[in-house]
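Here's the structure we're looking at; comments come further down.
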Amino acid sequence: MQEVLRDWWRILLYGLILWFFIFLISFVIVPIKKTNLAFFETLMTLWLTLCTEVVASFYFRKKNITLPLGFGAGFIWMVLCGTIGLVLFKLTTPKENLWVYFTDEGFTYLVIPIITTGLAWILSKNKANPSAKI
């Protein structure tokens with residue numbers, strides 16, 4: 001966990017990059033949301049998963065990968081993306097209550113630390129035993 005605290009600025013930068021790419025695709029495919037909400041949410045979940053995996057892969061390069069590092073980075077990214085999303089939600093739909101945000105978008109961000117922790121676990125196992133097949 002010390003590496004997470006020591007590397008906080010880099011974690012925040014990668015978190016902002018993650019949020020930007022999620023926002024970018026949501027902005028591009030927002031017309032689908034009006035015609036087919038379920039398809040839009042599926043696409044966004046897939047995009048969130050892909051972006052998290054790619055950003056985490058870049059973040060983990062040349063690092064001593066541990067489970068606390070994977071969880072810590074993912075948790076910070078989840079909080080960052082969720083907070084920015086919440087601010088944008090309240091700016092665009094001020095009369096909606098918070099439960100609408102969390103059920104529509106907010107809880108989806110819970111997948112971020114799950115992905116980063118799983119990726120850290122796989123990469124740390126592979127680093128400990130490079131000949132092992134994953």
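The values are calculated or read from the model by the stated rules, or taken from the named source; none is laboratory data. Bear in mind the structure is a predicted one, so any value in this text is a computation, not a measurement. We place every Cβ from the backbone using ideal geometry, glycine too, and count neighbours over all the protein chains shown.
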message: Anything in segment 87-97 that is surrounded by 13 or more Cβ atoms within 10 Å (Cβ to Cβ) and either of a type in the set (A, V, I, L, M, F, W, C) or modelled with pLDDT under 85 (or both)? List them, or say none.
response: L88, F89
message: Report every pair of residues separated by at least 6 positions or lying on different chains whose Cβ atoms are under 8 Å apart, first residue within segment 84-95 and closer than 13 Å to G106 by Cβ, second surrounded by 10 or more Cβ atoms within 10 Å (Cβ to Cβ) and small (G, A, S).
response: G85/G106; L86/G106
Single match in V79, V100 (criterion: at pLDDT 95 or above, part of a helix (DSSP H, G or I), surrounded by fewer than 17 Cβ atoms within 10 Å (Cβ to Cβ) and of a type outside the set (D, E, K, R)): V79
field: Count - residues of segment 44-65 that are buried (at least 17 other Cβ atoms within 10 Å of the Cβ) and more than 12 Å from the chain's Cα centre (by Cα)
entry: 3
- request: Identify all residues within segment 63-82 that are more than 14 Å from L110 (Cβ to Cβ) and free of Cβ contacts under 8 Å to residues at least 60 places away in the same chain; write none if there are none.
  value: L67, G70
query: Applying the selection to segment 1-36, what residues are under 17 Å from I84 (Cα atoms), surrounded by 13 or more Cβ atoms within 10 Å (Cβ to Cβ) and either of a type in the set (G, A, S) or at pLDDT below 90 (or both)?
result: G15, S26
- request: Six or more apart or on different chains, Cβ under 6 Å: which pairs go from a residue in segment 36-62 that's more than 16 Å from G74 (Cβ to Cβ) and without any contact (Cβ under 8 Å) to a residue 40 or more places away in the chain to one that's of a type in the set (S, T, Y) and surrounded by 12 or more Cβ atoms within 10 Å (Cβ to Cβ)? Could you list them?
  value: none
- line: The condition from (1) assigned to a helix (DSSP H, G or I); (2) more than 24 Å from S124 (Cβ to Cβ); (3) among the basic types (K, R) that K95 misses is numbered (1)
- prompt: Quick one: would you say I84 is within 16 Å of L12 (Cβ to Cβ), surrounded by fewer than 19 Cβ atoms within 10 Å (Cβ to Cβ) and modelled with pLDDT of 90 or more?
  reply: yes
task: Please find, within segment 37-53, the residue that is farthest from T66 (Cα to Cα) out of those that are out of contact with any helix residue (DSSP H, G or I) (no Cβ under 8 Å at 6 or more places or on another chain) and at pLDDT 95 or above.
output: L46
